[in-house]
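Here it is: the structure, laid out below.
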Amino acid sequence: MIQPVHACRLTSAALAALILAACDTSTIEDDGFVIDEAPRAVVTTQADDFTSGAHALVDIEVPYTTTGNLDAGESDISVTTAGEHLYKLRRFNLDTITKYSLDAPATPIWQFSTLDADDETSANPYDLAFAAVDKAYLLRYGQPDAWIVDPSVTAEADFKRGELDLSAYSPNASTNPNMTRGIVVDGKLFIAMQRFDDSFTAYDAYVAVFDTSTDTEINTSQDPILGGIPLPVRNPLTSDDADLIYDASLGLIYVVAPGSSSFDPDTFESTPNYDGGLVTIDPVTYETTLLIDDSATTGQISDLVIINEQLAYVISSAGFGNNGLYRINPRTGAFLDTDGGAPQPVAGLGGTSLTALTADIGQRLWVGRGDGSNPGITILDTLDDAVVQTLIPLSRNPARIEFTNQP
């Protein structure tokens, strides 16, 4: 059964008008993050064999001009945007953050360490969540504390301003809470944590909440021991592209979780435990709702983008490189396209390698395509899932896609 979604088709003229509006900073309350130029896609790219990585910039209008292979190096990277700048996080055992300007996206403005002097293991920086132009939170997956930082500085000695202690969420004394993503909503910082023990067994995931004006943790009263929010899923936000998503019209924060897997050392195969899914968090009451409880039927949910109150898309996996793109209702979690109760993927986007997912200012869907010989991005019209652009070629697989000039 295919359920209709009410929308209007975006014409090229309408897209141009939206781009002009994005360039008119007088029409937007920007907090310093919106800049006077057309939006562009910022893509983190990784080689199919994970031997190298880089970032690329892509124009959002035909002919989708691409500036690729920027500052190429290691593959374990993630690039995020804020205002006129890009920030590249070099992760496990690389432990740096590098700032670039959109005007010179391959030339570092600065590169700072993400390690404290007494850190004995990799900080493994995972995310940079902004509260203001001069205040952000650096989430360190390999350490028990996040850093409060000022990305606007030029001297490394001025970069770190403080810490947020998350050690209470560590499963045991020899592990870390594995903070993975953060988002600031109405003066509160939400930090998602995966929580693995020494044997990589996933414990219950949590979201800690901090007041950004005081940088003190808020007791959400959702757990009798810890102050944070326990999630009804495990192993959230594992994809490089997956973020905590806040939708203002729905008033909810969304968390995707592929869940954990059991590894068989004899066969070297992993079997999904199906303890993941899609969860919402009310940022005021902190109550959670399990919208999608994953199963062999739904697959493991790894990525999400919300188009409007009636339509969202998820990437679901039935195994490595075996992904599908599905339409859901973001209020209920119901799959919109089914056959005999089984979710059906968007035509042509099932049983393939899908690596990233986001929507541009015109609510067109950008889908990352993983392919050792022909990687790139496909663009869809979310009115009817018609293909707008079959493939924007890239030199490596797109692992993450963000847009400038979009909050």
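Might you report the magnitude of the Cβ-based charge dipole of segment 165-223 about its Cα centre, with Lys and Arg at +1 and Asp and Glu at -1, to the nearest 20 debye?
Working: 3 positive and 9 negative charges, 36 e Å.
In total the dipole reaches around 180 debye.
Can you give the longest stretch of the chain with no exposed loop site, where a site means chymotrypsin sites (Phe, Trp or Tyr not before Pro) in a DSSP loop (not H, G, I, E or B) with at most 13 other C-beta atoms within 10 Å? If you can, show how the numbers build up before the last one.
Numbers: sites that count: Phe50, Phe200, Phe268, Phe320.
Here the longest segment lacking exposed loop sites spans 51-199.
At 222 nm, what value in deg cm²/dmol follows for the chain if DSSP H runs of at least 4 each add -39500 (n - 2.57) and the sum is divided by all its residues, to the nearest 500? Can you show the working numbers first?
Values: 1 runs with 12 residues, N = 407.
It lands at -1000 deg cm²/dmol.
Hey, what's the per residue convex hull volume over the C-alpha atoms of segment 277-358, in cubic angstrom?
Details: hull volume 8.0 nm³, N = 82.
Each residue corresponds to 98 Å³ of Cα convex hull volume.
Now for a separate question. With the dipole of the chain worked out from charges on the C-beta (+1 for Lys and Arg, -1 for Asp and Glu) around the Cα centre, which of Leu244, Ser373, Leu138 lies farthest toward the positive end?
Ser373
Compute the length gained on full extension between Asn329 and Asp264: take 0.36 nm times their separation in residues and subtract their Cα-Cα distance, giving the result in nm to one decimal. Walk me through the intermediate numbers first.
Numbers: separation 65, 0.36 × 65 = 23.40 nm, distance 3.58 nm.
Between Asn329 and Asp264, full extension yields an extra 19.8 nm.
Top mean-square fluctuation among Ala173, Ala192, Ala242, Gaussian network model of the chain, C-alpha springs under 10 Å?
Ala173
Let me ask another. Starting at the first residue of segment 217-225, write each ³J(HN,Hα) from the Karplus equation 6.51 cos²θ - 1.76 cosθ + 1.60 with θ = phi - 60°, in whole Hz, x for Gly and Pro.
6, 8, 7, 7, 6, 9, 9, x, 10
Between Val388 and Thr216, what FRET efficiency comes out of the Förster formula 1/(1 + (r/R0)^6) with R0 = 45 Å and r the beta carbon distance, rounded to 0.05?
Values: r = 46 Å, r/R0 = 1.03.
Approximately 0.45, to the nearest 0.05.
Can I ask one more? Along the principal axes of its C-alpha atoms, what lengths does the chain span, in descending order and rounded to whole Å?
Cα extents, longest axis first: 53, 48, 44 Å.
Taking only Cα atoms of segment 360-407, what ratio of Rg to Rh do you get with Rh as the Kirkwood inverse-distance radius? Show your work: numbers first, answer last.
Working: Rg = 11.3 Å, Rh = 11.4 Å.
That ratio is 0.99, to two decimals.
What residues have an amide H closer than 5 Å to that of Ala359, excluding those fewer than 5 places away on the same chain, when H is modeled at 1.01 Å from N in the peptide plane?
Trp366
With the alpha-carbon atoms as the only input, what is the per residue convex hull volume for segment 96-141 in Å³? Present the calculation step by step, with values, prior to reporting the outcome.
On the way: hull volume 4.4 nm³, N = 46.
Convex hull volume per residue, Cα atoms: 95 Å³.
Given the options Ser113, Ser174, Ser75, which has the most mean-square fluctuation in a GNM of the chain, springs set between C-alpha atoms less than 10 angstrom apart?
Ser174
May I pose another question? So, counting K/R as plus one and D/E as minus one, what does the shell of residues with Cβ under 12 Å around Leu189 add up to?
Details: positive: Lys135, Arg181, Lys188; negative: Asp127, Asp186, Asp211, Asp215, Glu217.
Computed value for this residue: -2.
Which residue fluctuates most in the GNM of the chain (Cα springs below 10 Å): Asn329, Asn172, Asn397?
Asn172
Find out how many positive minus negative residues lie around Ile253, taking Lys and Arg as positive, Asp and Glu as negative, among other residues whose Cβ is under 12 Å from that of Ile253.
Values: positive: Arg181, Lys188; negative: Asp186, Asp243, Asp247, Asp282, Glu287.
Within the 12 Å Cβ shell, the charges total -3.
What does the charge dipole of the chain about its Cα centre add up to, to the nearest 20 debye, if the Cβ of each Lys and Arg holds +1 and the Cβ of each Asp and Glu holds -1? Provide the component values of the computation, followed by the final result.
Details: 20 positive and 58 negative charges, 150 e Å.
I would put it at about 720 debye.
With an 8 Å cut-off on Cα pairs and a minimum separation of 6 or more residues, tell me the relative contact order of the chain in percent.
Working: 1071 pairs, mean separation 50.9, N = 407.
About 13 percent, as a whole number.
Moving on. What is the dipole size for segment 268-339, taken about its Cα centre, with +1 at each Lys and Arg Cβ and -1 at each Asp and Glu Cβ, in debye to the nearest 20? Provide the component values of the computation, followed by the final result.
Numbers: 2 positive and 10 negative charges, 33 e Å.
Dipole magnitude for segment 268-339 comes out near 160 debye.
Same structure again: Mind sorting Val42, Val387, Val207 by how few other Cβ atoms lie within 10 Å of their own Cβ, fewest first?
Numbers: Val42 22, Val387 15, Val207 27.
Ranked by crowding around the Cβ, least crowded first: Val387, Val42, Val207.
Give me, ordered by chain and number, the residues 5 or more places off Thr382 or on other chains with an amide H under 5 Å from its own placed amide H.
Correct list: Leu365.
In percent, what relative contact order does segment 140-278 have, based on Cα pairs under 8 Å that are 6 or more apart in sequence?
On the way: 304 pairs, mean separation 20.4, N = 139.
Taking the mean separation of contacting Cα pairs over the length of segment 140-278, I get 15 percent.
Taking the simple approach of a point 7 Å from Cα along Cα-to-Cβ for both Ala47 and Ile109, what is their distance in nm?
3.0 nm
Quick check: net charge around Thr220, other residues with Cβ under 11 Å of its Cβ, Lys/Arg +1 and Asp/Glu -1? Numbers along the way, then the final one.
Working: positive: Lys188; negative: Glu217, Asp223, Asp282, Glu287.
Once positives and negatives cancel, what remains is -3.
In Å, what is the Rg of the alpha-carbon atoms in segment 53-123, and how long is Dmax?
13.7, 50
Since every read-out is calculated from the coordinates, none of them should be taken as a lab result. These figures come from a predicted structure and were not determined experimentally. Ideal geometry is used to build each Cβ from the backbone, glycine not excepted, and the neighbour counts take in all protein chains shown.
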